[in-house]
1. If we scan the range 108-123, do we find a residue that is in a loop (DSSP other than H, G, I, E, B) and in contact (Cβ under 8 Å) with a residue 40 or more places away in the chain?
2. If I go through the range 128-152 residue by residue, how many of them are outside any loop (DSSP other than H, G, I, E, B) and touching a Gly at 6+ places or on another chain (Cβ under 6 Å)?
3. Are there any pairs with C-beta distances below 6 angstrom linking a residue in the range 206-228 that is more than 18 Å from residue 183 (Cβ to Cβ) to a residue that is of a type in the set (A, V, I, L, M, F, W, C) and surrounded by 14 or more Cβ atoms within 10 Å (Cβ to Cβ), with the two at least 6 apart or on different chains, and if so which?
4. If the Cβ limit is 7 Å and pairs must be 6+ apart or interchain, which residue in the range 69-94 that is acidic (Asp, Glu) pairs with which residue that is surrounded by 14 or more Cβ atoms within 10 Å (Cβ to Cβ)?
5. Checking the structure you have, find out if any residue of the range 201-208 is touching a His at 6+ places or on another chain (Cβ under 9 Å), surrounded by 18 or more Cβ atoms within 10 Å (Cβ to Cβ) and aliphatic (A, V, I, L, M).
6. List the residue pairs whose Cβ atoms are under 8 Å apart, where the first residue sits in the range 283-305 and is in a strand (DSSP E or B), the second is open to solvent by 20 Å² or more (accessible area, probe 1.4 Å) and of a type in the set (Phe, Trp, Tyr), and the two are 6 or more positions apart or on different chains.
7. Kindly indicate whether any position in the range 265-277 is open to solvent by 50 Å² or more (accessible area, probe 1.4 Å), touching a residue at least 40 places away in the same chain (Cβ under 8 Å) and within 17 Å of residue 179 (Cβ to Cβ).
8. Please work out which one of (1) within 20 Å of residue 335 (Cα to Cα); (2) out of contact with any Phe, Trp or Tyr (no Cβ under 9 Å at 6 or more places or on another chain); (3) open to solvent by 40 Å² or more (accessible area, probe 1.4 Å); (4) not β-branched (Val, Ile, Thr) is the condition residue 18 fails and give its number.
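The values are calculated or read from the model by the stated rules, or taken from the named source; none is laboratory data. Quick caveat, the model's predicted, so the values are computed rather than measured. Methodologically, a virtual Cβ is constructed for each residue, glycine included, from the backbone with ideal geometry; neighbour enumeration extends over all protein chains shown. Areas reflect the complete protein model, heavy atoms only, side chains present, ligands, DNA and RNA absent. Shrake-Rupley method; radii C 1.70, N 1.55, O 1.52, S 1.80 Å.
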Amino acid sequence: MNPGSTSIKLGFYLSTGQKEINEVKYDAPTLELLGKRDISGYRRKLEEIVRDYLEEQEARWGEITAIAARGGLLKPVRGGVILINQEMITDLLASRFGWHPSNMAPVVASDIARERRIEAYIVDPISTDELAEVARISGFPDVPRRSFSHALNMKMVGREVAVSELHKDYDSANLIVVHMGGRLSVSVHQCGKMVDVNDGRSEGPFGIEGSGGLPVYELLKYMERNNLTPGEMIRRLHNGSGLYGYLGSKNFQEIEANYDKDKRTTLAIDALAYQIAKEVGGASAVLKGKVDGIIITGGLAHSQLLVNKIKERICWIAPVFVRPGEREMDALGIGVLEALKGQRAIHNYV
């Protein structure tokens, strides 16, 4: 189960690795529930969608041995497969660490699993925290750096590239993984742990609708000059930053089509590639230059223009592998299958 901001992806994974994935788009009333952050209403709607899907797959309903759900906004946890328990449900229902549609995936998964007397799990949630201690230091003692990223997809493509391209286990590879989407995550994977990553909400390169890191002093002066509260500033950053803030569009295909026609578009895309490459260069220093491979993934990795502009700045560091889109459903299904087979450890949420 993988609910996002506009749709939910549901799939069956067999022990053989065979899979079947379906995507359900949310209707307007459901999107309205999300906008209002109506937790109880959205929980009911999500459960209705999942149960309808299961009824359509009645022949397989009795064969389900486990449920894999996308993890919501949780306390910092170690990466891997994590058993859904009551502590996790309590945190998610209270939105203790923030609200996102995926918060309700473990809740609904737990309800269904309890009925079937099976277990439900999450895999590599957004709050996966394997940072090295030195990476937590921000420069201001009261505000440490935190791990908040596209961990589910980045760890999945890291495992795949390590095996298929580098002929290494993920646990012995040194990788830099760049997830390019609405917000950007540039992560450092050292011998199976994501030891550093930028929080795309406030650090690193900008994205389609994320500002990334900003000059803090200038930002504070801007807030003072415009008499803005922190909440108002956060809303401006969410709704008017990144490529959208510069160009007024969130459709990268439309933006890219104007690259040679509009100077503002040219500069914005060049700046995006520049910032991503600069972040990758810094990430290579974390590994002291011993980088086995760099992986570019996420929705924006479909853009040959953007990928090429990044590669020309970073290809001297290590081989670059491009994996467009995201592999979140595979990460969930394969992660839990491997855990059930004893190939991966199962952790508790504590």
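1. Step one: list which residues in the range 108-123 are in a loop (DSSP other than H, G, I, E, B), which gives 117-118.
Next, from what is left, pick out any that are in contact (Cβ under 8 Å) with a residue 40 or more places away in the chain: 118.
Yes; the residues of the range 108-123 include at least one that is in a loop (DSSP other than H, G, I, E, B) and in contact (Cβ under 8 Å) with a residue 40 or more places away in the chain.
2. Of all residues in the range 128-152, those outside any loop (DSSP other than H, G, I, E, B) come to 128, 133-136, 151-152.
This time we only want the ones that are touching a Gly at 6+ places or on another chain (Cβ under 6 Å), so: 128.
Selection size over the range 128-152: 1.
3. Final answer for the pair search is 223/233.
4. 87/349; 91/74; 91/75; 91/97
5. No: the range 201-208 contains no residue that is touching a His at 6+ places or on another chain (Cβ under 9 Å), surrounded by 18 or more Cβ atoms within 10 Å (Cβ to Cβ) and aliphatic (A, V, I, L, M).
6. Listed pairs, sorted by first residue: 293/321; 294/321; 295/321; 296/321.
7. The first filter runs over the range 265-277 and keeps only residues open to solvent by 50 Å² or more (accessible area, probe 1.4 Å), leaving 267, 270, 274-275.
Of the ones still in play, those that are also touching a residue at least 40 places away in the same chain (Cβ under 8 Å) are 275.
Filter again for within 17 Å of residue 179 (Cβ to Cβ), leaving 275.
Yes: the range 265-277 contains one or more residues that are open to solvent by 50 Å² or more (accessible area, probe 1.4 Å), touching a residue at least 40 places away in the same chain (Cβ under 8 Å) and within 17 Å of residue 179 (Cβ to Cβ).
8. With (1) within 20 Å of residue 335 (Cα to Cα); (2) out of contact with any Phe, Trp or Tyr (no Cβ under 9 Å at 6 or more places or on another chain); (3) open to solvent by 40 Å² or more (accessible area, probe 1.4 Å); (4) not β-branched (Val, Ile, Thr) applied to residue 18, the lone miss is (2).
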